[in-house]
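Have a look at the structure below, then the notes.
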Amino acid sequence: MSELQLRFQIQIQIHMKKWPLWEVFVRSKNGLEHRHFGSLHAADADMALENARDVYTRRNEGVSIWVVESKNITASNPEHNGEMFEPAQDKVYRHPTFYDLPDEVKHM
Amino acid sequence: MSPERKATIMSEEQINNLEKQFEERIARDEKIEPKDWMPEKYRKTHIRQMSQHAHSEIVGMLPEGNWITRAPSLRRKVALLAKVQDEAGHGLYLYSATETLGISRDEMYEQLHTGKAKYSSIFNYPTITWADMGAIGWLVDGAAIINQVPLCNTSYGPYARAMIRVCKEESFHQRQGFEIMLKLSNGTPEQKEMAQDALNRWWWPALMMLGPTDAESVHTEQSMKWKLKRKSNDDLRQQFIDQTVPQADILGLTIPDPDLKWNEERGSYDFGEINWDEFWQVVKGHGPCNKERMKARVGAWERGEWVRDAAMAYAEKSQERKKKQVV
């Protein structure tokens, strides 16, 4: 492959590369957790932060932003919700109301 | 019966079952989230409606962008800039919500740029005077709010969440438009005339924004089921008219409809015939600005290509440099 061809190929590759997708998490004020706000496209993490500022916090909605490239998130599959979450359903003994106490016991 | 044949029947049955469960979930007001199973038609309908909605926000920046540099005062200019920036933001919320259904941003852009996807026809009308900024905010955003508020409760989670954010931001848009109209209406006779002229031109297209009449609307029944729609187009239109006519009275302007009349019995305004031929002409691409809008949009996309590529090349180079430093 000639140098020119190679350069052309590289150019095409660059051209084909799209800005990846990022998930945006915003802490609306100190004391609260970061919450998922949405997503956006950006070339890199710095740009993702700047874009997140402009897209999701135009009206003081946040004091802190996290961005993470969407491909780095591992999500559970709703089709497996049964084996994933149902085991918790029959464990009532994990709740305080499961335990019988005489009425005289206050504040417990 | 061959085992394969049996397997297909099973899966058809399974699909029917899944569909039934799906419809029941929506009827119970449960939200559908991106990774949940959904009927193909639900996915497609949502991709169509949500991407059209996003495209409308993006193309909707163009008629107003026309006046940013010519706003009559700094106060008006910062407000208009903020409004146009909001519209970019609304487009981005909606595009990213649509992407959760498995279509890429680039595919959506391509559909817009090739004319395969539509956007709201209202943006194919020209903005020829400053009063048009007032009329758009007051009437176009007013009609948009009526269309959009019910969507905050729609069944698809990412769409509903995006719409809640959009609706919160939209009310400033309508107020800034009404304020422009009020100022002009209370100004010199020429200014008042300008406001009246803008109302004359935007009134009917704004009524058309609420969609074809119920008799002509093809998607209504299914959309009601999926909560993409809570009220019919005609009901929404009546709601818009009933709330807007008293506002025109406050402005001292006349709605350009000789048949407009309060109907005591219905508790609503009767109104004149809408020119649906005009509506369909504009939808089909023959409005005053269809070509201009697409040219501006595609041009901006193409002229920005080297910037997008350069940003990507820079990101990759920085990444490589970091890797080398680690070694």
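Determine whether region A:35-43 contains at least one residue that is at the interface with chain B (Cβ under 9 Å from one of its Cβ atoms), within 18 Å of B:Pro158 (Cα to Cα) and in a loop (DSSP other than H, G, I, E, B). For region A:35-43, residues at the interface with chain B (Cβ under 9 Å from one of its Cβ atoms), within 18 Å of B:Pro158 (Cα to Cα) and in a loop (DSSP other than H, G, I, E, B): absent. Within the option set B:Lys227, B:Lys168, being crowded, with 16+ Cβ neighbours inside 10 Å and either modelled with pLDDT under 95 or within 30 Å of B:Leu74 (Cα to Cα) (or both) holds for one residue only, B:Lys227. The set of residues from region B:75-120 being within 12 Å of chain A (Cβ to nearest Cβ), among the small types (Gly, Ala, Ser) and open to solvent by 20 Å² or more (accessible area, probe 1.4 Å) comprises B:Ala82, B:Ala88, B:Ser104.
Which of the residues belonging to region A:71-108 are of a type in the set (S, T, N, Q) and over 20 Å from B:Met38 (Cβ atoms)? Reasoning before the result, please.
Within region A:71-108, the first condition is being of a type in the set (S, T, N, Q), and the residues that meet it are A:72, A:74, A:76-77, A:81, A:89, A:97.
Passing the criteria: A:Asn72, A:Thr74, A:Gln89, A:Thr97.
Looking at region B:310-327, which of its residues are closer than 26 Å to B:Thr114 by Cβ and open to solvent by 30 Å² or more (accessible area, probe 1.4 Å)? The answer is B:Ala310, and nothing else.
Condition (residue is open to solvent by less than 40 Å² (accessible area, probe 1.4 Å) and assigned to a helix (DSSP H, G or I)) applied to region A:58-79: is it met by at least one residue? So far as region A:58-79 goes, yes, one or more of its residues are open to solvent by less than 40 Å² (accessible area, probe 1.4 Å) and assigned to a helix (DSSP H, G or I).
Of the residues B:Lys116, B:Lys41, the single one that is part of a loop (DSSP other than H, G, I, E, B) and either among the charged types (D, E, K, R) or closer than 24 Å to B:Ile250 by Cβ (or both) is B:Lys116.
The residues on offer are B:Lys295, B:Lys261, and the sole one that is within 25 Å of B:Ile58 (Cα to Cα) and open to solvent by 90 Å² or more (accessible area, probe 1.4 Å) is B:Lys295.
The values are calculated or read from the model by the stated rules, or taken from the named source; none is laboratory data. In this text, all values refer to a predicted model and were calculated from it rather than measured experimentally. Because the Cβ atoms are built from the backbone with ideal geometry, glycine has one as well, and the counts that use them run over all protein chains shown. For accessibility, only protein heavy atoms count, side chains too; no ligands or nucleic acids. Shrake-Rupley method; radii C 1.70, N 1.55, O 1.52, S 1.80 Å.
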